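The values are calculated or read from the model by the stated rules, or taken from the named source; none is laboratory data. Remember, predicted model here, so these are calculated numbers, not experimental data. Here the Cβ positions follow ideal geometry from the backbone for every residue, glycine too, while neighbour counts run over all protein chains shown. Each accessible area value is taken on the protein alone, full model and side chains, heavy atoms only, with ligands, DNA and RNA left out. Shrake-Rupley method; radii C 1.70, N 1.55, O 1.52, S 1.80 Å.
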Amino acid sequence: MKAAVIKETAPGEKRVALVPEAVTRLRPAGIEVLVERGAGEGAWLSDAAYADAGATIVSDTELYQAADVVLTVTKPPASVVRQLRPGQAIVGMLAPLADPELAAALAAQGVTAISLDGLPRTLSRAQPMDALTSQSNVAGYKAALVGATEFGRFFPLLITAAGTARPARVLVLGTGVAGLQAIGTARRLGAVVSGYDVRPTSKSEVESLGATFVALTSVSDAAGQGGYARELTADERQAQQDELTGHIARHDVVITTAQVPGRRPPLLVTEDAIKAMTAGSVIVDMGASPLGGNVTGSRPGETIVTGNGITIIGADNLPATVPTAASNAYSRNISALLLHLTKDGALAIDTGDDIQAGVVITHDGRVVHAGVAGLSAPPGQKPTETPAEPPPPGPVAGEATPAAGAERRAQANGFLPKTGPLSEGGADVDGTRD
């Protein structure tokens, strides 16, 4: 089987789906790797490095003609979809819930689409494939650095001959994977950090990182089924916003992390909260998207300064700004998934397998994923299964998922040692989602 690594073309995207070291791991399974010329340049990985690892460097035309499986980081543009042929497969973070039309187009082409977004992350054996966690780790790390760069003062307490500089006060809203990484990074930079999430179970993990957990009295326990935060009532949301406004105003840097795939992110920082902040404060909105963000007025990929001197950063694709680390982690994820899908040197699709049931979106000319099939079926095609209703994400649930078990998932992706501060509060990964 020939697996081909394409060069990403999305604006600002510097990651690559596979790094050279992965080539040698795939070869024993009968997987030959083709790499589009220049695919790794954005992550400082040369064609020579891939060739030395045993990959074959090809042009884009040769790649699509020869490949059995196409490996990508983000969803492919229409120009790539048109080049795919029936029987080929494409593997990447395809965001089918946000773009069901892409799934329909791939099904119409007869292409098998496999998306790491749908990985059933409650399974222990799926941890090495968990790209959402690995990339959220990178994003949370970079969000803290972005906040520190834009903030006009020091993060740590500094006592010098020229005077004493008090430490920055940082608030992280949403303590899933990205939120916990942002907390840990801001703490290592010397800031005084607080974290907030609607799930009380996240309190121990926030505190295990040396941060203070913000407990709101206006919202009772908002833990829902499956480890998700339940959806708050309208009265609870308003009470939460009012109480959060007071906490936000007392901080210098605010990082928001709540994201809901395919839907508008919850609004966490209102116009009133922004007006109450001190001039020079910084907000990093990791939920910024074309549908809106966690912060009033934020726009993805843009930095704006309000009339009262608050800098609002619409953080856009932060993992791509740390391309080497992000690519290394993603490469481990996609390699693990590809090996799971391969039998006797060929792709073996079996949607009865619990992992494949989550990641296989289209196959044999049909949209086979239950959660996607009902969103945008091609003309004349009826969903083969009743679409599954995804668990409701909470309004402040970092990446819309809880942090329980974050240590083990981070270890699986190579971001944490086998022992560390998260072990004090981390729950077992089984039965949780991150």
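Tabulated data
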item	result
Single residue of segment 57-103 satisfying the filter (of a type in the set (D, E, K, R) and within 14 Å of Glu8 (Cα to Cα)) that is nearest to the chain's Cα centre (by Cα)	Lys75
Residue match in segment 7-17 (condition: open to solvent by less than 10 Å² (accessible area, probe 1.4 Å), closer than 20 Å to Ser115 by Cα and outside any strand (DSSP E or B))	yes
Those residues of segment 273-288 which are out of contact with any helix residue (DSSP H, G or I) (no Cβ under 6 Å at 6 or more places or on another chain) and at pLDDT 95 or above, in sequence order	Ile274, Lys275, Thr278, Ala279, Gly280, Ser281, Ile283, Asp285
Any pair with Cβ under 8 angstrom, 6 or more apart, that starts in segment 29-53 at a residue that is touching a residue at least 60 places away in the same chain (Cβ under 8 Å) and farther than 16 Å from Leu338 by Cα and ends at one that is acidic (Asp, Glu) and open to solvent by less than 30 Å² (accessible area, probe 1.4 Å)	Gly42/Glu8; Gly42/Glu13
Residue list for segment 180-217, filter: without any contact (Cβ under 8 Å) to a residue 40 or more places away in the chain, closer than 26 Å to Leu267 by Cβ and assigned to a loop (DSSP other than H, G, I, E, B)	Ala211, Ala215, Leu216, Thr217
Residues within segment 247-285 that are over 27 Å from Ala103 (Cβ atoms) and crowded, with 22+ Cβ neighbours inside 10 Å, tallied	17
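Yes/no matrix, rows are residues, columns are (1) under 30 Å from Gly374 (Cα atoms); (2) open to solvent by less than 40 Å² (accessible area, probe 1.4 Å):
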{"position": "Val23", "(1), (2)": "no, yes"}
{"position": "Pro28", "(1), (2)": "no, no"}
{"position": "Ala39", "(1), (2)": "no, yes"}
{"position": "Ala43", "(1), (2)": "no, yes"}
{"position": "Leu94", "(1), (2)": "yes, yes"}
